[in-house]
Every structure is written in structure tokens, then in C-alpha cells.
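First the structure, in the form of C-alpha cells, and then the observations on it.
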Amino acid sequence: MVSKKIKDKILNKSDKYNFYKEEYENNSDAIADLAKRISALEAENEEKNNILDSYHVLLNTLFCYYDITPKSYLKNVQDLGVEILKFVDNVCAKHDIDYWLDYGTLLGAVRHEGYIPWDDDLDVAMMRADYSRFIKIFTSELKENNLTNLKCDFQQSKFKGKPVLRWTQITYRHPDHKISFMGTDIFPYDYIKTNEISNIDDVFMKSRAEFYLANQEKMPFSQVLERYCESMNLSLERQDFYLSGVEGVRSPKDFYRIKILETDKLYPLKTLNFKDHSFKVPNDTDYYLSMIYGDTYREIPKSVRDHSRISKLVKIENINDLLENAVHEMKSANDNF
């Protein structure tokens, strides 16, 4: 009985071998042809990658080592942004609030001494205590300077289908047009008592979910924040480490990953030129930018993102006149300081 089973098994395997051998022989020409096509495609792909690499080198040279002047639409938008940033700087100086340039704005300051050439918004960061004070006083500064078109609101996103409030956005909005002419994002950061959190992504995402749910329940923000600080072991007082606030754009699911950063590399803040005006930046900008973009941040990336603001603004009649008026309005406000 046993010997018959073994015999059948051997014959079975033999039949399968013969079947696949015959199939291979019958299709060997097609397999060889497919291998040739794959090889040709690989060679073509390599050639195209070499062409793209050469374009990348050229664009990197042009954007990083030449002064490129934007045309009127983008120039006016960027000039408006600088005036808004100067207003933020003036308000912060008046009220003794620290801030620093963040993300693409810091990258532009370091790599281009101004905007990333195609950029049309601004990013600013503050530690939590300064951020909270800034939110409280900024609206009154807008009223005091009669800046009715400059708005300060929370950016809104959705969590489980319901709206949540996130970081602060300062936007210039003309009453006759829905799209903002320029935007400045203000991101909060928090001191954390330890950097020894092996599962920081999981801890952060759990705390963020609890933060958003409490936010949706209309709980007082101070109470929501207190809960979050407890769950993440955060502090309003200076610690050796800090990280992006829960409302910001860093997380395992966002474009920027959550990182615990060293406070001694942030302070004391220094200044860098951004379009012929000095603004505050982290003390060790190389460390800071490397933690966001990696060690190649001084090069133009092969893939870039924009905010599509210009493509929408150019459709507005007399947009350059409106932008120039907005720049003049902001300059007048800055002259008050």
C-alpha cells in the first residue's frame, strides 16, 4: 500500500515536470522575445532618467546660483508676503514674542536669501507660550492698524468627517474675491520633557486623535491643551527638547514626519536676510532643515509642490493693481512701528 502511494507521487511529479518542460519549450521564443523587450525598456528608461538628471542639474544651477526675477503677478504676491511677514515681525518685537521662519520660508532664506523661486506663501513657528500670546494680541493689532483685509483665523481640517481647528493662518483677502492674495501659516511647537520615546509616531497619533475629538466636543481649548500636554509629557517651560505642535503639519501621515528636536540647536535665535529684510531663524539652520528635508536640502528636489495660488489669481481682472494696493496698505501699516 505504501509503495503504491510513493509510486503515484513520483509519477505525479514526473507528469508535472514534463508538463512544465513542454510548456517552456513551446513558449521559449515568446519568453526570449519578452526578455529582449524588457531589456530594451530598461535601456530606454535609463536614458530618460539620464535626461531628467541633466535637467535637474540645470534647474539646480539656475535656481540656486542665479538671481531669477519673477514676473509681475508672482513678484507682487511675494512682495505682499514680505510686508505681511514684516508686520508679524513688528508685532512680535512690540510684544516681546519670539518666532522663527519655518519650512519652505526658512529653506528659501538659507538657499535663496528669499523665497523659493516658485513659492507663494510663508511659514512661521513659535513655541506654545509665545504662540498663545500672539493669537490673543494679533487681532487687536489688526484693528489698531486698520487692516480690515488682513485676516487671522484657524486653518480647518476634518477628522472622522467633522471639522477641527488646527494652526493659525494670516491671509490677505480682498472683499470682492474669495481666494486669498497671500497667506502666512503660524505653527506652534511644544517643549517635551524627554526624547526617549521609542514609539513616538504611535504616541503622537493617539494624542492627536484625542486632541481632535476633544476639539470637536467644544471643550475649552485650555482644557484640551492641558490633556494633550499630559498625554505627551509636554511643558510650557523650557526643556532640552521640543517638537511640532499637535495642530501642525508633522505626523507619520503628513508630508513631514514628527521629530523630537534639540532646544540648544534652536536657541539663541539668530537672523537671516529674506528679500533684503532680516527675520529670526533657528541658531543651527543646517540641523533644523536637515531634520525636515534631509541632507540634500540645498539642492532643488526632483519633484516640487506649489499652492496653485498664482494660476487662480491671474484670472482676476486688474489683479496686479489690486496686489500693488495691498502691498502699499501693508507698507503703511509697517511704517506705524
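The values are calculated or read from the model by the stated rules, or taken from the named source; none is laboratory data. What you see is a predicted model, and the numbers here were worked out from it, not measured in a lab. Every residue, glycine among them, receives a Cβ derived from its backbone with ideal geometry; neighbour counts consider all protein chains shown. Ligands, DNA and RNA are stripped out before the accessible areas are found, and what is left, the full protein with its side chains, is counted by its heavy atoms. Shrake-Rupley method; radii C 1.70, N 1.55, O 1.52, S 1.80 Å.
Worth pointing out:
- Residues that are out of contact with any Leu (no Cβ under 8 Å at 6 or more places or on another chain), in a loop (DSSP other than H, G, I, E, B) and of a type outside the set (Asp, Glu), drawn from segment 178-196: LYS178, SER180, THR194, ASN195
- Hits in segment 234-255 (condition: hydroxyl-bearing (Ser, Thr, Tyr), closer than 21 Å to SER222 by Cα and in contact with a helix residue (DSSP H, G or I) (Cβ under 8 Å, 6 or more places away or on another chain)): SER235, TYR242
- Inside segment 202-220, residues that are in a helix (DSSP H, G or I), over 15 Å from GLY161 (Cβ atoms) and not hydrophobic (A, V, I, L, M, F, W, C) make up a count of 5.
- The set of residues in segment 22-58 being open to solvent by less than 90 Å² (accessible area, probe 1.4 Å), closer than 30 Å to ILE116 by Cα and either of a type in the set (D, E, K, R) or modelled with pLDDT under 85 (or both) consists of ASP53 alone.
- When ILE68 is tested against (1) in contact with a Leu (Cβ under 9 Å, 6 or more places away or on another chain); (2) surrounded by fewer than 16 Cβ atoms within 10 Å (Cβ to Cβ); (3) not in a loop (DSSP other than H, G, I, E, B), just one condition goes unmet, and that condition is (3).
- Contact map, segment 152-176: residues that are assigned to a strand (DSSP E or B) paired with residues that are among the hydrophobic types (A, V, I, L, M, F, W, C) and modelled with pLDDT under 85, Cβ distance under 8 Å, separation 6+ or inter-chain. Pairs shown: PHE154/LEU165; GLN155/LEU165; GLN156/VAL164; GLN156/LEU165; SER157/VAL164; LYS158/VAL164.
- TYR73 being hydroxyl-bearing (Ser, Thr, Tyr) and at pLDDT below 95: yes
- Segment 132-151, residues that are of a type in the set (Val, Ile, Thr) and either more than 24 Å from LEU225 (Cβ to Cβ) or without any contact (Cβ under 8 Å) to a residue 12 or more places away in the chain (or both): THR148
- Residue list for segment 138-151, filter: on the phi < 0 side of the Ramachandran plot and either open to solvent by 40 Å² or more (accessible area, probe 1.4 Å) or in contact with a Ser or Thr (Cβ under 6 Å, 6 or more places away or on another chain) (or both): THR139, SER140, LYS143, GLU144, THR148, LYS151
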